[in-house]
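> Quick one: structure below, then a few questions.
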Ligand code: HEM
């Protein structure tokens, strides 16, 4: 059967090089703004670091829950290695805070999983920089509460995610980009509420 006009946005990712770059371009402004807002937390003070973690958890928890509900483990068999909800809850517990969802997110489609995973996996890159700030904290309780920021270090999770992005399955690029934007917006709202 010939593809109809309504099938135009259904793309097989491996045939569309530059998908990652398009995701990056489509979310560059949102990333810059979030980066600026998150850089305002003083991660060397327990109050600042706790607020940063609470703001991050506020979005991470509902986004990961939406991923699970949408069947992320079927698409990413290493999902148990990628999920960070338990790590951020453990850090907050050590710092006398609590991890809970502060924003609600929409259910995800299969392509939405890809866009959301792009944002969450990409946040590991920023985490490397933030970890350096945390390492400079005088308080050892802060320096030891880094399960979230150091999660997956050495496992090349970003690289393996990028390989997956050149994916074998059909992926609606527009839907994936929309989900990536929504994921950034969820973090923005969570920072607003922190
Ligand atoms: C203060 C906070 C943050 C800083 C300083 C920061 C910084 C960075 C840096 C330096 C990179 C590029 C690293 C590299 O190419 O090796 C990066 C990539 C990325 N970050 Fe952030 N980030 C922050 C927060 C976040 C958050 C909260 C998210 C999402 C929830 C996020 C999502 C991403 C994504 C998706 C990429 C990959 C972009 C690409 O495709 O190359 N970042 N970040």
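> Using only the alpha-carbon atoms, how far is helix 85-94 inclined from the longest principal axis of the chain? Give it as 0 to 90 degrees, nearest 10.
10
> Averaging sequence separations of C-alpha pairs under 8 Å and six or more residues apart, then dividing by the length of the chain, give the relative contact order as a whole percent.
40
> Between residue 141 and residue 104, with labels modelled 7 Å along Cα→Cβ, what's the label distance in nm to one decimal, could you check?
Result: 3.5 nm between the two label points.
> Contour minus end-to-end for residue 79 and residue 128, with contour as 0.36 nm per residue of separation and end-to-end as the Cα-Cα distance?
Working it through step by step, the gained length comes to 15.6 nm.
> Please report, in Å, the Rg and the Dmax of the range 123-174, where both are computed over Cα atoms only.
15.5, 49
> Can I ask one more? Using only alpha carbons, build the gyration tensor for the chain and give me the equivalent ellipsoid semi-axes, biggest first, whole Å.
The equivalent ellipsoid of the chain has semi-axes of 32, 16, 15 Å.
> Working out 0.36 nm times the residue gap between residue 185 and residue 90, then minus their Cα-Cα distance, what length gain in nm do you get to one decimal?
31.7 nm
> How tilted is helix 173-192 with respect to the longest principal axis of the chain? Cα atoms for both, answer in degrees (0 to 90, nearest 10).
Approximately 20 degrees, to the nearest 10.
> Counting other beta carbons within 10 Å of each Cβ, put 95, 131, 53 in order, fewest first.
Details: 95 19, 131 16, 53 26.
Ranking 95, 131, 53 by Cβ neighbours within 10 Å, fewest first, gives 131, 95, 53.
> I've got another one for you. What is the packing order of peptides 19-28, 84-93, taking the mean over residues of other C-beta atoms within 10 Å and listing the highest first?
84-93, 19-28
> How do 157, 125, 130 line up, fewest other C-beta atoms within 10 Å first? Write down the numbers at each step before the final one.
Details: 157 17, 125 9, 130 21.
Result, fewest neighbours first: 125, 157, 130.
> Given points 7 Å out from each Cα along the Cα-Cβ axis, report the residue 192 to residue 36 separation in nanometres with one decimal.
It is 1.6 nm.
> Oh, and also: Estimate the FRET efficiency between residue 28 and residue 158 by the formula 1/(1 + (r/R0)^6), using the beta-carbon distance for r and 22 Å for R0, to the nearest 0.05.
With a Förster radius of 22 Å, E is 0.80.
No lab work stands behind these numbers, since they all come straight from the coordinates. Predicted model only: the values in this text are computed from it and were never measured. Cβ: placed from backbone, ideal geometry, glycine included. Neighbour counts: every protein chain shown.
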